[in-house]
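The next block holds one structure in the form of C-alpha cells; read it before the comments.
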Amino acid sequence: MNKDSIWLEIHALQERVALLEAGSGGVAPAGGKDDSRLWLLEALRQRVEAPGAVAFGGTVDLPDGRYYEWQWGESVGERLEADWSEAAVPLEALGHPVRLAILRSVLQGVSDIASLAALPQMGTRGQLYHHLKVLENGGWILPQRRGVYGVPGERVVPLLTVLAAATGG
C-alpha cells in the first residue's frame with residue numbers, strides 16, 4: 001500500500017465517522033471522493049420528522065421495452081405498527097432459487113411456459129407450475145395470456161429492491 005492509498009483510506013474513514021456522528025447512518029463516499037450516494041436520505045430528511053421514514057423507488061427499463069417508475073415511503077412509526085405477517089407470503093415466495101430464476105427470466109423477456117420449462121435449474125413441468133402458483137399467490141407474477149407470465153408493473157421495482165436489500169445492495 002502506498003502513501004496515497006493510505007491517505008485515501010484514512011480520509012474515507014474520517015468521512016464515515018463524521019456521518020455516524022451526525023446520525024445519518026449512511027455510508028461515506030468511497031475513496032474520499034465527493035459523490036451523492038446519500039441524495040435519497042437528504043430528500044427524505046427534508047420531508048419527514050423523527051423518528052424518520054423508510055422509502056424506496058426506482059426507474060426500470062426492461063429488455064422488452066417496458067418502463068416503470070415507482071416509489072414508496074412511510075414513517076418509521078407506521079411501519080413498526082403495521083401487520084408484518086402480511087409480508088410472510090410474498091417473502092416466502094421469493095425464498096427458492098428456482099422461483100428467483102423464473103422471475104429473472106420473466107423480467108428479461110423469457111416468459112412463456114416452454115422457455116421457462118427449459119431453464120437449467122427447472123425440474124418437471126409440474127414443478128414449474130407449482131413455482132408459478134407460489135409466485136402468483138405472493139403477488140410477484142401473473143398470467144398475461146395463456147402460457148405467458150409477467151411481473152405486474154407495480155411489483156417490478158419492489159422486487160428488485162427486495163433482492164438488492166437481501167444481498168446487501
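Worth a mention:
- 3J(HN,Hα) couplings calculated from phi for region 117-124 with the Karplus curve 6.51 cos²θ - 1.76 cosθ + 1.60 (θ = phi - 60°) are, in sequence order, 5, 8, 4, x, 8, 7, x, 7 Hz; Gly and Pro show x.
- When only the Cβ of Lys, Arg, Asp and Glu is charged (+1, +1, -1, -1), the dipole of region 48-97 relative to its Cα centre reaches about 160 debye.
- Our coupling estimate for region 65-73, obtained by passing each phi through the Karplus curve with A = 6.51, B = -1.76, C = 1.60 and θ = phi - 60°, is x, 6, 10, 10, 10, 7, 8, 8, x Hz, Gly and Pro reported as x.
- Residue-span extension gain [E69 to L163] - 0.36 nm each, minus C-alpha spacing: 32.1 nm
- Evaluated with a Cβ-only charge set (Lys, Arg +1; Asp, Glu -1), region 37-130 carries a dipole of roughly 400 debye about its Cα centre, given to the nearest 20.
- At an R0 of 41 angstrom, the distance between the Cβ atoms of A117 and W84 translates into a FRET efficiency of 0.70.
- Ranked by the mean number of other Cβ atoms within 10 Å of their residues, highest first, the peptides 109-121, 63-75, 151-163 fall in the order 151-163, 109-121, 63-75.
Values in this text are rule-based calculations from the coordinates and carry no lab data. Keep in mind that what you see is a predicted model, and the values were worked out from it rather than measured. With ideal geometry, Cβ positions are generated from the backbone for all residues, glycine too; neighbour counts draw on all protein chains shown.
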